[in-house]
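The values are calculated or read from the model by the stated rules, or taken from the named source; none is laboratory data. Worth saying up front: this structure is predicted, and the values here are computed from it rather than measured. Methodologically, a virtual Cβ is constructed for each residue, glycine included, from the backbone with ideal geometry; neighbour enumeration extends over all protein chains shown. With ligands, DNA and RNA removed, areas are computed over all heavy atoms of the protein, side chains included. Shrake-Rupley method; radii C 1.70, N 1.55, O 1.52, S 1.80 Å.
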Amino acid sequence: MKKNYQLVTLFIIGCLSIINVSAQHCATDEYHSYRLRQYPNLIQSIQDNEAYYRNYISQLTNHKTQDENIKVIPMVVHVVHDGIPKDPSVDDSISAEQVISQIEVLNQDMRKQQGTRGFGAGVDYRIEFALASKDPNGSPTNGITYTASSLADHQIYDQNLKNLIKWDQTKYFNVWLVKSIIGGASGGLVLGYATFPTSGYPTDDGVVIRSDCWGTIGIAGGPGGDNKYGRTATHEIGHWLNLMHTFTQPDGCGTTNCNTSGDNVCDTPPSYTQNFGSNNRQNTCIIDNPDLPDNTQNYMDYVNDLYTNMFTQGQYNRTISALNNPNIYQRKMWDESNLQATGTGKYGKSKADFWASNKTLCVGGTTKFIEYSRGQCSYFEWSFPGGTPTTSNSANPTVVYNTPGKYSVSLKVGNLNDTSAVYTRTDFITVTDAKQTLPFHEGFEDYANFPKDGWFIENQDEANQATSRTWESWQYESGFAQSSACVRMPFYFYASYNHNDFLTSPTFDLTNTPNPKLSFSWAYSPLIYDNYSSSPKSETLIYSDTLTIEVSTDCGASWSPVWKKGGYQLATVPQDQITYNTLFNQLTANKWDSTFINLTPYGNQASMQVRFKTTNGFGNNLYLDDIKLVNDTTLFRDDLIAQARLKLTPNPIQEKTLLYLDLPTQSAVEIVVTDVLGREVWKESTTTWGAGIHNRSIGFPEAAGLYNVRVLVNGHNYNLKAIKTN
């Protein structure tokens, strides 16, 4: 993706013959070069646009945009079909419902809407697309036109299609849907193409897409069925919004100046070429700093609809600079006067939709509702049966639930034109009243009933059922201490970067419990990955995930982090044994680690919850087991290690390696040594050790290798790794 945008307008004209065109591709670059040959004066317009963009981003602080208003883009969809009667299942004259289904996808993607496939790791684009309700003559319309023509079989250089039917392109965003698109000089099967924003020659402005690549119902799916979620349109309209591909052809990784190289966006990592098909692990360019893997989740790559789910902040800034540029005609579309003329925004239809910050609460819990209404709504009428308040007219109200049960939520919205839109989510909020007391232990052995009563999972991208992953019961590997089950977060299969998933504990009553301590065990190895089948060869990169432990004393309204590790720090195997290109599994005893967290600051609370928060880095599977909460005044692992009170010295093992243990109080101690396969090779049974410093000889086999030394102090596990070199 690294080439200067001011130069690409000239360069691409001479390099079409060496562009590697896929059997299915976006022809925007190809059409752009054709446009420049027809209208050479556009080069100056594009250079002026780039200069405006660079000035715009230079005025931003920490890449935060100065423009947070939602912009509504009026649009018209022209369905151009061949008019030949045929089986409706393959008819290219698609239904209005299929057209509208794509508008929904666009708005979910642009708004990063929770509870939909558009909820990705990127940013809320704060752009809304609306079908016009007034045509150029001011007459009512649904924003869709149908025209029978042989031009339904379209060749991208043929301007007759756009001359056949179009509405004023300074007021409406025009989209043409056709039966087929054939590429120009490079040939190939084209899914769609778009124009970039310029200050001149708007008569060809807009997007052309195959009808079977538009929307999510009807004939949607495209060649091979990979385009059934509406992301071809999101990609092409991204071009129309001033975005380029995040990959580069044909000049490789480009330069280190990300402001004038590639897509001119600094937070989209450089990629040597497009990533067709699935969401790949690869890092084809290492010129970025920090060095990041290819962003194959980005809408502007060629990855199929199943996997793409994000725009970046830098891409948003680039789009907003174009929409704010007074010399670019698209800017006029979202002006108040044009919204009124086209019957869009608050002058068009309204639509209600919403989500909640927390859907599972304990009694007395609080959640904030987030509205995703369409049509610049100014009227909100919420209904919260079982909640306090029971109704609200705020856009994003906060509600308390004091009684156990399942509760539905309704929202009615309105704007200047329409006050009839209502949406209800049935049994949307779950409230529980069960409380646990200490001591507490969860080993996840009852895997058939995971999560058990009181535990719950929050999966923020749950709508992406085909690609989403979250906490799951796992009985196919040994749990901690060779138990029969544990739980895992399958990062290895979870391609959506930076998503958070939460496993939340039951609510605990800590009244008269001044010294709560949390312990748990985990197994993890980050992933070092090389895709040597790629061209050029991928550069090695570590894919790291993160585990954070958080505590709440207000039924989940707020959370405080108490422990956090990721990457090498989270690993429970030595760095020289980090998994390389492969799945982390085969959970022998020496692959587990344990820790204790002092929760005394949260003691004596009437209500406390703990949640295990994961942040996905597309790395390797994380396993969790043996969660305990106790009331204890003794020091635990974090204190012992931080104060060097528990260690093997020296390590790697020598003839006189000793276990050093400084006990604050008299304790029951057991020591077990296991080999890499989890087999016990030495043991000192439980005995009582007095308070103070102990140096104990440990029995290690003569064979070199990795060993695990498990020390149990008053029933609490500590695992130390020992290396024997000879």
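Which value, in debye to the nearest 20, describes the size of the charge dipole of the stretch 37-180 about its Cα centre when Lys and Arg Cβ atoms bear +1, Asp and Glu Cβ atoms bear -1, and nothing else is charged? Provide the component values of the computation, followed by the final result.
Details: 14 positive and 17 negative charges, 79 e Å.
For the stretch 37-180, the charge dipole is close to 380 debye.
Helix 5-15 and the longest principal axis of the Cα set of the chain meet at an angle near 70°.
Taking all Cα pairs closer than 8 Å and separated by 6 or more residues, the relative contact order of the chain comes to 10 percent. This structure gives Rg and Dmax of the Cα atoms in Å, computed directly, and of (i) 27.3, 81; (ii) 56.7, 221; (iii) 29.6, 93 that value is listed as (iii). Can you find, among 690, 617, 575, the residue farthest towards the positive end of the dipole of the stretch 575-726? Put +1 on the C-beta of Lys and Arg, -1 on that of Asp and Glu. Projecting each Cα onto the dipole axis, the largest value belongs to 617. In terms of Cα atoms, the Rg and Dmax of the stretch 284-385 work out to 19.9, 56 Å.
Remark: for residue pairs 162/412; 112/171; 112/517; 166/346, the C-alpha separation exceeds 32 Å in 162/412; 112/517. In this structure, the amide hydrogen of residue 344, modeled 1.01 Å from its nitrogen in the peptide plane, lies closer than 5 angstrom to those of 133, counting only residues at least 5 positions away or on a different chain. Averaging the Cα positions of each part gives two centres, and for the stretch 647-721 and the stretch 104-151 these lie 64 Å apart. Rolling a 1.4 Å probe over the protein chains gives residue 301 an accessible area of about 10 Å².
Distance between the 7 Å Cα→Cβ label points at residue 434 and residue 60: 4.7 nm.
Centre-to-centre, using Cα atoms only, the stretch 595-609 and the stretch 195-215 are separated by 58 Å. For residue 206, nonlocal amide neighbours, meaning residues 5 or more places apart or on other chains whose placed amide H falls under 5 Å from its own, are 195.
Rolling a 1.4 Å probe across all protein chains gives residue 84 an accessible area of roughly 100 Å².
If you roll a 1.4 Å probe over the heavy atoms of the protein chains, what accessible area per residue do you get for the chain, in Å²?
Values: 27780 Å² over 726 residues.
Per-residue accessible area for the chain comes out at 38 Å².
Between helix 42-58 and the chain there is an angle of about 30 degrees, using the helix long axis and the longest principal axis of the Cα atoms. Summarising the amide proton neighbourhood of residue 362: residues at separation of 5 or more, or on other chains, whose placed amide H is nearer than 5 Å comprise 432.
Taking 0.36 nm per intervening residue step and subtracting the Cα-Cα distance, what contour gain separates residue 702 from residue 142 on full extension?
Working: separation 560, 0.36 × 560 = 201.60 nm, distance 8.11 nm.
Gain in length upon complete extension: 193.5 nm.
When a 1.4 Å probe is rolled over the protein heavy atoms, the share of accessible surface on the stretch 343-387 that falls to carbon and sulfur comes to 50 percent.
Find how much the distance from residue 558 to residue 68 grows on full extension, using 0.36 nm per residue of separation minus their present alpha carbon separation; answer in nm with one decimal.
Details: separation 490, 0.36 × 490 = 176.40 nm, distance 2.56 nm.
Result for the pair: 173.8 nm of gain on full extension.
3J(HN,Hα) along the stretch 362-374, derived from phi through the Karplus expression 6.51 cos²θ - 1.76 cosθ + 1.60 where θ = phi - 60°, amounts to 8, 4, x, x, 10, 9, 10, 8, 10, 8, 10, 6, 10 Hz, with x in place of Gly and Pro.
Computing FRET efficiency as 1/(1 + (r/R0)^6) for residue 396 and residue 292, where r is the C-beta to C-beta distance and R0 is 30 Å, gives about 0.35.
Mind checking the angle between helix 96-110 and the chain's longest principal axis? C-alpha axes, 0 to 90 degrees, to the nearest 10. For helix 96-110, the angle is close to 50 degrees. Available extension along the chain between residue 660 and residue 203 is 156.5 nm, counting 0.36 nm per residue and deducting the alpha carbon span. Using a simple spin-label model with pseudo-atoms 7 Å out from Cα toward Cβ, residue 159 and residue 337 lie 2.8 nm apart. Restricting the calculation to alpha carbons of the stretch 190-297 gives Rg and Dmax of 15.6, 45 angstrom.
Derived scalar couplings between HN and Hα for the stretch 515-520 equal 10, x, 10, 9, 10, 7 Hz in order, rounded to whole Hz, by the Karplus curve 6.51 cos²θ - 1.76 cosθ + 1.60 (θ = phi - 60°), x for Gly and Pro.
Toward the positive end of the charge dipole of the stretch 410-492, with +1 on the Cβ of Lys and Arg and -1 on the Cβ of Asp and Glu, the farthest Cα among 432, 473, 416 is that of 416. Using Cβ point charges alone (K and R +1, D and E -1), the dipole size of the chain about the Cα centre works out to roughly 740 debye.
Note on residue 96 and residue 512: the model spin-label points, each 7 Å out from Cα along the C-beta direction, lie 6.9 nm apart. With helices as the sole contributors, the chain gives -4000 deg cm²/dmol at 222 nm; each DSSP H run of n ≥ 4 counts as -39500 (n - 2.57), and the sum is divided by every residue.
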